[in-house]
1. Could you work out what % of the accessible surface of the chain is carbon and sulfur, using a 1.4 angstrom probe and leaving DNA, RNA and ligands out of the count?
2. Taking the chain as the reference, fit the longest principal axis to its C-alpha atoms, fit the long axis of helix 38-47 to the helix C-alpha atoms, and give the angle between the two in degrees, 0 to 90, nearest 10.
3. Anything over 20 Å Cα to Cα? Flag those among LYS67/LYS129; LYS13/LYS67; LYS12/LYS80, in the order listed.
4. Explain nothing, just the number: relative contact order of the chain, from Cα pairs under 8 Å at least 6 residues apart, as a whole percent.
5. Mind checking the log10 I(q)/I(0) for the chain at q = 0.13, 0.17 Å⁻¹? Debye, one equal scatterer per Cα, no solvent, two decimals.
6. Simple spin-label model, 7 Å along Cα-to-Cβ: VAL97 to THR19 in nm?
7. Could you name the lysines whose alpha carbon sits less than 18 Å from that of LYS145, not counting residues in the same chain fewer than 8 places away?
8. By a straight-distance test (C-alpha under 18 Å), which aspartates and glutamates pair with LYS86 as possible cross-link partners, with residues fewer than eight away in the same chain excluded?
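The values are calculated or read from the model by the stated rules, or taken from the named source; none is laboratory data. This one's a predicted model, so the numbers in the text were calculated from it and none came from an experiment. Here the Cβ positions follow ideal geometry from the backbone for every residue, glycine too, while neighbour counts run over all protein chains shown. SASA here: full protein model, heavy atoms, side chains in, ligands and nucleic acids out. Shrake-Rupley method; radii C 1.70, N 1.55, O 1.52, S 1.80 Å.
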Amino acid sequence: MEDKSQYGRMLKKENLRNTSHRQSILEALEASKEPVSAETLYLTLREKGISISMSTVYRALDVLAEKNIIVKTDFTDNNKSLFEIKREEHRHHLVCVKCRSVIPVMECPFHEYARALERQFGFSITGHKLEMYGYCRKCSESMDKSGNAP
Ligand SMILES: [Zn+2]
Ligand SMILES: [Zn+2]
């Protein structure tokens, strides 16, 4: 198992062995748009042809939740827990090429597009980056005043 993957690094940081089961679980959680139950996750993994037992799924989820790699949400009414990957806040940036200020943009319109690309190319997308370059308001205003168009 290579440690270059983001999951490998996450596991290593928490001194967890990067087992193929843990990796598969993290991948499945990452691919899921919504929090899933252990049962759903188990079925998803089995569907993908991964041989794993229900108890291994439970144990792995507990360990990963304990280490804060995934988020466990308990529901008191039906005794079921849902799990989701702990995502780093996903954001893009507007980078001003003049003053070098960086403006974070929280909205991301690319998740749908990524799913479409996955279907089209049979490629499993695990992330993307996008930075847009230009002139911030302050810089473009000062350029307007001085009459120098960007
Ligand atoms: Zn600027
Ligand atoms: Zn994005």
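1. 51 percent
2. 90 degrees
3. Those over the limit are LYS67/LYS129; LYS12/LYS80.
4. RCO, the chain: 16 percent.
5. The calculated log intensity ratios at q = 0.13, 0.17 Å⁻¹ are -0.72, -1.03.
6. 5.1 nm
7. Cross-link targets: LYS98.
8. Straight-line reach from LYS86, under 18 Å: GLU14, GLU27, GLU30, GLU34, ASP62, GLU66, ASP74, GLU107.
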